[in-house]
Amino acid sequence: MADSVLGTVVGPDGQPRCPWGLSTPDYVAYHDVEWGRPVRGDREIFERLSLEAFQSGLSWLTILRKRENFRKAFAGFDLAAVAAFGGDDVARLLADAGIVRNRAKINAVITNARAALEVSEGLSDLVWGYADTQPGPPPKTLADLKSQTPASKELAKRLRGRGFVFTGPVTVYSTMQACGLVNDHLADCFARTV
């Protein structure tokens with residue numbers, strides 16, 4: 001059994017999980033069903049990228065618990081709808097206590113929706129072009145995980161070159177993890193092979 005602090009931890013149901021995946025019921029569901037599973041589609045990738053940008057400097061749990069509010073506030077992360085947001089929408093969002101009210105991050109989502117509409121191959125295809133096709137050995141402990149990789153640095157650079165903002169290599173790598181472009185479930189985690 002791996003170190004109970006850094007390696008997998010057996011949950012009440014007898015399943016070994018990444019340790020962060022057991023801290024709250026919200027995390028258990030997110031870990032078991034979503035995180036690291038392949039996510040495709042421009043809207044879906046745009047949502048994850050936007051939520052990861054909102055998470056910067058905050059707990060992911062805060063964002064996870066507000067996710068439905070974000071979806072309502074940002075028109076289900078429909079690219080065309082968000083790209084059309086103007087000053088009244090920004091004011092509405094800044095007054096919405098159901099989301100994180102940060103002007104720079106709100107403006108970033110709008111800017112990124114406009115930039116995503118200009119990606120001729122589609123945002124999903126662009127992002128999935130950086131998927132880990134030759135993964136190395138699976139991480140055994142949380143200490144083996146990286147906060148960024150050469151691929152996330154390159155994708156972040158490419159996104160910024162296309163007009164995206166709040167898409168640094170750490171935010172991009174978190175998006176890659178969340179969308180299943182890499183599999184960072186620990187080696188002994190049951191979700192690694194699901």
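Before moving on, here are some points about what is shown:
- Residues considered: T193, T133, T171. Of these, the only one that is at pLDDT 95 or above and among the hydroxyl-bearing types (S, T, Y) is T171.
- Scope the stretch 170-181; condition open to solvent by less than 20 Å² (accessible area, probe 1.4 Å) and either farther than 25 Å from D13 by Cα or part of a helix (DSSP H, G or I) (or both); matching residues: V172, Y173, T175, M176, A178, C179, L181
- Boolean, D184 is in a loop (DSSP other than H, G, I, E, B), touching a strand residue (DSSP E or B) at 6+ places or on another chain (Cβ under 9 Å) and in contact (Cβ under 8 Å) with a residue 40 or more places away in the chain: no
- Taking the criterion of being in a helix (DSSP H, G or I), hydroxyl-bearing (S, T, Y) and open to solvent by 30 Å² or more (accessible area, probe 1.4 Å), the only residue of the stretch 16-53 that qualifies is Y27.
- Within the stretch 111-153, if we keep just the residues that are among the hydroxyl-bearing types (S, T, Y) and within 17 Å of T167 (Cα to Cα), the residue that is surrounded by the fewest Cβ atoms within 10 Å (Cβ to Cβ) turns out to be S147.
- Single residue of the stretch 135-169 satisfying the filter (of a type in the set (A, V, I, L, M), without any contact (Cβ under 8 Å) to a residue 60 or more places away in the chain and not in a loop (DSSP other than H, G, I, E, B)) that is nearest to L117 (Cα to Cα): L159
- Selection from the stretch 103-134 of residues that are aliphatic (A, V, I, L, M) and assigned to a helix (DSSP H, G or I): A104, I106, A108, V109, I110, A113, A115, A116, L117, L123, L126, V127
The values are calculated or read from the model by the stated rules, or taken from the named source; none is laboratory data. Quick caveat, the model's predicted, so the values are computed rather than measured. Using ideal geometry, Cβ is built from the backbone for each residue, glycine included, and neighbour counts are taken over all protein chains shown. SASA here: full protein model, heavy atoms, side chains in, ligands and nucleic acids out. Shrake-Rupley method; radii C 1.70, N 1.55, O 1.52, S 1.80 Å.
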